[in-house]
Ligand code: KG4
Ligand code: ZN
């Protein structure tokens, strides 16, 4: 069974194509990713209207590149006209995206229809204006290719990204995490502790009350003059500090927000405010100062995340601990989670670094599992910016 997946929830336009050989084994026939980081850099964050413009420009070329790599693109022996009935359907879906409407009409006339059985696409959570582009493109493709539409939750994708096991060259398998499992999702928009009682059945036990962890990294980085997204750079600076033989003789102390709150919620906006104060007090932003501040920021974030994760593990007795989202690329956090789970004798699932950030492979996996478990809703016709994991589909 061949499945195509599409992700446009934020600043990455991504496509993937799979051949599923069983319920949990697959090959990746193609994966394509176009990152807009350079476009958004000067704005210090993702600029929604620009994200939409870039997604609109990139979806079709990436779709074609995906088919080429998956060896699914073949020109028709003779051009045909697209049937009026199909035109009517895709015109109403793509009424606000003429560029891709025209491209898809030409596609139908020029190429043989690829044998794709299903199309998984992110319909939330994320920036609605960005989500719409990929979602409508997917809906129109589902009509043209006569494929099943599988609207997919981006955060569920981040969870599945951690379950990928590479068994041999281009042969992958999904690991069974056991139930219940605990998941910590840490990204640019989310910080959530989730308990999964069964596949696709989630209860959110805690979340951030304000900024997400990724935002704490990115906003602090910005105060230090580091361009978006600052998380990876802060992490490098912190590493330099721990390796330095002569650490800066300067005491920097940041709060550990909500560490003693007794629940599973988080708050990170206070950290950013504390970082702002310190950067204003110390006008000399020397490399040593930046390193010391980055180190303390990571200490504060790691302590809070570990403390809350540990209480959730004690409270729920999960079979495994699944970490997901862009911030899970962080080396310091990966080490802390590894140590925590070793001490607790708990199975830890961390995503391969390749799949920590947004990508379409994770969407294809979450979508496929929903499809075969009949837990998807092909009639969904709108994106949901604040979609929750507790939603049934
Ligand atoms: O999951 P993701 O790619 O996009 C969202 O769905 O939000 O996460 C992006 C976030 C950004 O805030 C970025 O700074 C952060 O992940 N990030 C990191 C690291 N790599 C990416 N944060 C800390 N350390 C890293 N190594
Ligand atoms: Zn994400």
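State whether segment 146-185 is rounded, prolate or oblate according to the following rule on the C-alpha gyration tensor (a ≥ b ≥ c being the square roots of its eigenvalues): a/c under 1.5 gives rounded; otherwise a/b larger than b/c gives prolate, and the remaining case gives oblate.
Numbers: a/c = 2.17, a/b = 1.08, b/c = 2.01.
Oblate, because a/c is 1.5 or more while a/b does not exceed b/c.
Hey, what's the Cα Rg ratio for segment 54-125 versus the globular rule of thumb, 2.2 N^0.38 Å?
Working: Rg = 13.0 Å, N = 72, 2.2 N^0.38 = 11.2 Å.
Cα-based Rg divided by the globular estimate yields 1.16.
Quick one: Kirkwood hydrodynamic radius for segment 109-232, alpha-carbon pairs, angstrom, one decimal?
Working: mean 1/r = 0.0574 Å⁻¹.
Mean inverse Cα-Cα distance, inverted, gives 17.4 Å.
Can you put 107, 18 in order, fewest other beta carbons within 10 Å first? Provide the component values of the computation, followed by the final result.
Values: 107 20, 18 27.
So the residues, fewest neighbours to most, are 107, 18.
With everything on Cα atoms, drop me the angle between helix 98-110 and the longest principal axis of the chain, reported from 0 to 90° to the nearest 10.
Once rounded, the angle reads 50 degrees.
Measure nothing but the geometry: give the 0 to 90° angle between the long axis through the Cα atoms of 48-69 and the longest principal axis through the Cα atoms of the chain, rounded to 10°.
Taking Cα atoms only, the helix is inclined about 60 degrees.
Which number do you get for Rg(Cα) / (2.2 N^0.38 Å) in the chain?
Working: Rg = 22.1 Å, N = 393, 2.2 N^0.38 = 21.3 Å.
Scaled against compact globular proteins, the figure is 1.04.
Classify segment 179-350 as rounded, prolate or oblate from the Cα gyration tensor: take a ≥ b ≥ c as the square roots of its eigenvalues, call it rounded if a/c is under 1.5, otherwise prolate when a/b beats b/c and oblate if not. Let's see the in-between values first.
On the way: a/c = 2.20, a/b = 1.85, b/c = 1.19.
Verdict is prolate for segment 179-350.
Tell me the mean residue ellipticity at 222 nm calculated for the chain from its helices only (DSSP H runs of n ≥ 4, each -39500 (n - 2.57), averaged over every residue, nearest 500).
Values: 12 runs with 168 residues, N = 393.
The helix-only estimate for the chain comes to -14000 deg cm²/dmol at 222 nm.
Rounded, prolate or oblate for segment 1-95? Axes are the square roots of the Cα gyration tensor eigenvalues, ordered a ≥ b ≥ c, and the cut-off for rounded is a/c under 1.5. Could the numbers behind the result be given before it?
Working: a/c = 2.16, a/b = 1.27, b/c = 1.70.
Cα axes put segment 1-95 in the oblate bin.
With springs only between Cα atoms under 10 Å apart, run a GNM on the chain and tell me which of 13, 245, 56 wobbles the most.
Highest fluctuation among the options: 245.
Picking from 351, 61, 125, which is most flexible by a Gaussian network model of the chain using Cα springs under 10 Å?
61
Roughly how tilted is helix 331-344, in degrees to the nearest 10 and between 0 and 90, from the longest Cα axis of the chain?
Orientation of helix 331-344: about 80 degrees from the principal axis.
None of the figures in this text is laboratory data; all of them are computed from the coordinates on show. From a predicted model like this one, the values you see are computed outputs, not experimental measurements. When we count neighbours, we look across all protein chains shown, and the Cβ atoms used for this are built from the backbone with ideal geometry, even at glycine.
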